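For reference, the structure discussed in these notes is given below.
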Amino acid sequence: DPLPQIGIGARFPLGEASPLASDGITERFMGQDGFGGVGGSCEANETSHLEGAPSATELILETARKFPGELEVWSFSPLTDLALAASVEPRLPELLGRVIVMGGAVDAPGNVSPLAEANFASDARAARLVLKLFASKLTLVPLDVTEAAPLSGEGLMVAKGGASARLFAEAFHTFRTANCEIVGICDGAPVHDAHVVAYALMPELYQVEQHAVDVLVARPGDVSNGACVVDRRRGQTEGPTLINVLTNVDARAFTRELIA
């Protein structure tokens with residue numbers, strides 16, 4: 001089978017001229033290498049396959065135009081590239097199929113700040129733009145759901161997997177330790193991104209509600225930057241657009257499928 005095509009992500013958040021200064025929290029969760037300190041340095045990893053690769057923005061646009069209505073975007077990261085693509089191509093909301101976004105905290109507290117989840121805080125402008133432009137096709141997977149199904153027995157992953165499962169288990173230890181120290185949840189830790197895939201393939205595991213959600217944009221580092229605001233006033237015709245939000249999950253079934 002051909003290797004998946006890779007696009008290179010944006011270097012800066014939307015509207016910024018330099019990368020955000022690290023506050024050290026991301027490194028505590030992910031390690032310096034993004035793999036909990038067990039994946040080796042970025043310099044040591046082979047990157048020759050990225051030579052000549054398009055930007056992620058270009059890849060989204062090219063694929064969406066080639067397969068109108070068929071391309072789905074599953075987002076596990078800040079929404080910078082999708083926001084840039086929508087800024088270049090006004091028809092992108094019509095060209096894409098589903099958009100499933102892991103990000104935000106609706107009723108749950110944040111993880112990188114008291115109010116904000118990491119992906120939204122990393123590029124609040126992009127998150128706000130994407131939620132507005134893709135509202136009719138977007139499903140939000142917030143911390144409210146991902147933290148409701150913590151994984152504690154990573155040894156089970158090793159027992160039923162190969163080298164990739166062992167790497168996950170080793171890296172997950174770093175993530176779980178940071179989650180305990182920073183978030184205060186110590187009986188396991190959430191596997192945030194897996195819920196995007198699980199919802200796409202097994203939507204029956206989730207409860208979905210429509211909410212009017214907006215994203216606050218403040219100075220990077222401000223506790224409100226990237227926070228979700230939900231307008232629950234009845235009868236409002238102006239304000240945030242309604243989007244689908246996952247509000248509950250069958251945690252046992254999710255975990256069973258994850259380690260199967």
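The values are calculated or read from the model by the stated rules, or taken from the named source; none is laboratory data. Being a predicted model, the structure only gives us computed values, none of them experimental. Neighbour counts run over all protein chains shown; Cβ positions are idealised from the backbone, glycine included. Note: accessible area is taken over every heavy atom of the protein model, side chains too, but ligands, DNA and RNA are not part of it. Shrake-Rupley method; radii C 1.70, N 1.55, O 1.52, S 1.80 Å.
Based on C-alpha pairs under 8 angstrom that are at least 6 apart in sequence, region 72-167 has a relative contact order of 31 percent.
For residue 229, which sequence-distant residues (separation of 5 or more, or a different chain) have an amide H within less than 5 Å of its own amide H, given hydrogens modelled in the peptide plane? The list, which skips near neighbours in sequence, is 214, 215, 216. Note that region 99-111 has calculated 3J(HN,Hα) couplings of 10, 10, 10, 7, x, x, 9, 8, 10, 7, x, x, 10 Hz, one per residue in order, obtained from phi through the Karplus relation 6.51 cos²θ - 1.76 cosθ + 1.60 (θ = phi - 60°); glycine and proline are x.
Here's how it looks for residue 31: its modeled amide H is under 5 Å from those of 36, which are all 5 or more places away or on a different chain. Just so you know, the averaged projected area of the alpha carbon convex hull for region 173-231 sits at 6.1 nm². Here's the picture: a label point sits 7 Å out from the Cα of residue 209 along the beta-carbon direction, and within region 113-130 the residues with their amide nitrogen under 20 Å of it are 115-117. Our coupling estimate for region 83-88, obtained by passing each phi through the Karplus curve with A = 6.51, B = -1.76, C = 1.60 and θ = phi - 60°, is 5, 5, 4, 5, 6, 7 Hz, Gly and Pro reported as x. Computed over region 51-139, the P(r) tail beyond 20 angstrom holds 33 percent of alpha carbon pairs.
Over the residues of the chain, the helix contribution to mean residue ellipticity at 222 nm works out to -9000 deg cm²/dmol, using -39500 (n - 2.57) for each DSSP H run of at least 4. Peptides 162-168, 114-120, 187-193 ranked from most to least packed give 114-120, 187-193, 162-168, packing being the mean of other C-beta atoms within 10 angstrom over each peptide's residues. Over the chain, accessible surface divided per residue gives 53 Å², non-protein components excluded, 1.4 Å probe.
Please work out the FRET efficiency for the pair residue 65 and residue 193, using the Cβ-Cβ distance as r and a Förster radius of 35 Å; give the result to the nearest 0.05.
On the way: r = 27 Å, r/R0 = 0.77.
The pair residue 65/residue 193 has a calculated efficiency of 0.85.
For region 124-141, backbone phi angles converted through the Karplus equation (6.51, -1.76, 1.60; θ = phi - 60°) give residue-by-residue couplings of 5, 4, 5, 4, 4, 5, 5, 4, 6, 6, 10, 3, 5, 10, 9, 10, 9, 10 Hz, Gly and Pro being listed as x. On alpha-carbon atoms, Rg over Rh for region 81-195 using Kirkwood Rh? Checking Rg against Rh, the ratio lands at 1.05.
Max-minus-min Cα coordinates of the chain on each principal axis give 51, 46, 37 Å, with the largest extent listed first.
Rg/Rh for region 119-260 stands at 1.01; both radii use Cα atoms, and Rh follows the Kirkwood definition. For residue 111, the residues 5 or more places off, or on other chains, whose built amide H falls under 5 Å of its own are 116, 117, 118.
Packing here is the average count of other Cβ atoms within 10 Å per residue, and on that basis the peptides 80-87, 240-247, 60-67, highest first, run 80-87, 240-247, 60-67.
Beta bridges assigned by DSSP with both partners in the chain are antiparallel in approximately 55 percent of cases.
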